[in-house]
Ligand SMILES: *Cc1c(COP(=O)(O)O)cnc(C)c1O
């Protein structure tokens with residue numbers, strides 16, 4: 001069976017280095033907000049080309065705390081609107097709701113699955129305060145156009161980089177182009193910890209300072225609390241794991257891109273719509289998502305041929321029970337996407353033979 005994602009194999013590549021890093025943390029006697037987190041923050045900020053980075057507990061908190069900090073700064077208020085792609089993972093939208101803000105779900109571009117500048121413009125009202133582009137599946141959003149719209153209408157931009165570590169647009173990395181960016185290091189992400197982890201990057205010193213307090217009980221100085229903060233810190237042990245794995249992120253991304261290239265050139269089946277890639281460096285292929293009309297039959301065929309597939313994502317956010325107030329909304333393209341997408345295996349440890357097996361299974365589907 002070609003596994004969808006073999007996490008054990010991914011981490012086994014770095015087994016000794018990860019063990020050494022673990023030992024370093026164990027022996028340090030310091031487990032929360034110490035040298036590992038500080039060093040990782042510096043290294044990841046520099047990797048992204050951003051001035052600041054803050055480690056937090058997970059990707060959802062990275063999104064939530066950034067919006068929360070903008071509220072503390074008086075830049076946005078409860079009831080303000082945030083424009084977000086309707087086909088994203090639910091975490092992007094939960095962060096909006098959690099802050100008492102209103103998610104405005106817009107249809108994506110059908111080819112890129114990312115925000116469409118035209119639809120963003122049409123969704124702007126006098127309550128709009130933030131645009132939240134998600135670099136979905138690993139492909140960078142049209143950030144130039146989005147930033148132009150944001151500047152023209154005086155809006156903030158929060159990039160959701162949970163799936164796009166290292167993706168670049170004309171040499172600029174994601175996480176450095178908006179007003180702030182949120183990353184997830186959930187184990188299955190392109191840069192994955194060995195547990196939950198997340199981070200925020202920004203060039204804004206004020207935002208940095210507020211989030212730094214918010215993640216630690218709203219405190220800048222021990223036992224002095226400026227905000228009603230939370231406990232959302234990146235663990236020393238996870239920071240140490242991430243420092244090992246950050247060194248290999250670019251080489252792992254190259255493997256993902258070369259697998260994607262093989263899929264794109266070798267898959268030749270008129271029933272299967274492949275992802276559209278404009279420039280290779282713009283897509284880090286967290287996921288390789290194709291579209292097929294008869295999805296269940298397709299998945300069954302692949303499974304019969306020894307290939308595991310998954311769906312990202314089966315139910316649109318506006319059709320979820322958690323968002324019952326949105327259930328009457330119709331977003332035809334988003335619904336079509338959720339009905340037809342299938343993710344093929346892609347990972348830095350997928351072998352050439354396994355890629356061949358996937359290609360053959362897809363091409364033999366009728
Ligand atoms: C994974 C993911 C998140 C949330 O990250 P967690 O670390 O799981 O909280 C947010 N947005 C997107 C697009 C994601 O894929």
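Test of understanding: ordering 15, 243, 256 by Cβ neighbours within 10 Å, fewest first, what list do you get?
With the sparsest Cβ surroundings first, the list reads 15, 243, 256.
How compact is the range 240-285 by the rule of thumb for globular proteins, expressed as Cα Rg over 2.2 N^0.38 Å?
So the Cα radius of gyration is 1.46 times the expected 2.2 N^0.38 Å.
Just order 298-307, 124-133 by mean Cβ neighbour count inside 10 Å, highest at the front, would you?
Output ranking for 298-307, 124-133: 124-133, 298-307.
So how long is each side of the range 115-238 along the principal axes, counting just the alpha-carbon atoms, biggest first, in Å?
If we take the Cα atoms of the range 115-238, the spans are 47, 34, 23 Å.
Throw me the Rg/Rh for the range 181-304, computed over C-alpha atoms with Kirkwood Rh, two decimals.
Rg/Rh for the range 181-304 comes to 1.14.
To the nearest Å, what is the center-to-center distance of the range 209-238 and the range 78-107, using C-alpha atoms only?
Each part's Cα centre sits 24 Å from the other's.
Hey, could you get me the Stokes-Einstein D for the range 24-163, Kirkwood radius over alpha-carbon pairs, 37 °C and 0.692 mPa s, rounded to whole µm² s⁻¹?
203 µm²/s
What number results when the radius of gyration of the chain, computed over Cα atoms, is divided by 2.2 N^0.38 Å?
0.99
Using a 10 Å cut-off on Cβ atoms, rank the peptides 83-96, 102-115, 20-33 from the highest mean neighbour count down.
Ranking, from highest mean packing down: 83-96, 102-115, 20-33.
Tell me whether the range 231-366 comes out rounded, prolate or oblate; compute the Cα gyration tensor, take square roots of the eigenvalues as a ≥ b ≥ c, and use a/c under 1.5 as the rounded threshold.
Cα axes put the range 231-366 in the oblate bin.
At 222 nm, what helix-only mean residue ellipticity would the chain give, in deg cm²/dmol to the nearest 500, using -39500 (n - 2.57) for each DSSP H run of four or more?
Helix contribution divided over all residues of the chain: -12000 deg cm²/dmol.
Would you compute the Debye intensity of the range 20-98 from its alpha-carbon atoms alone, equal scatterers and no solvent, and pass along log10 I(q)/I(0) at q = 0.18 Å⁻¹ to two decimals?
The computed values of log10 I(q)/I(0) come out as -0.91.
Only counting other Cβ atoms within 10 Å, I'd like 189, 222 sorted with the fewest neighbours first.
Fewest-to-most Cβ neighbours within 10 Å comes out as 222, 189.
Using alpha carbon centroids, what distance separates the range 290-308 and the range 174-192, in Å?
Going from one Cα centre to the other spans 30 Å.
Since every read-out is calculated from the coordinates, none of them should be taken as a lab result. Model, not experiment: these values are computed from the prediction. Ideal geometry is used to build each Cβ from the backbone, glycine not excepted, and the neighbour counts take in all protein chains shown.
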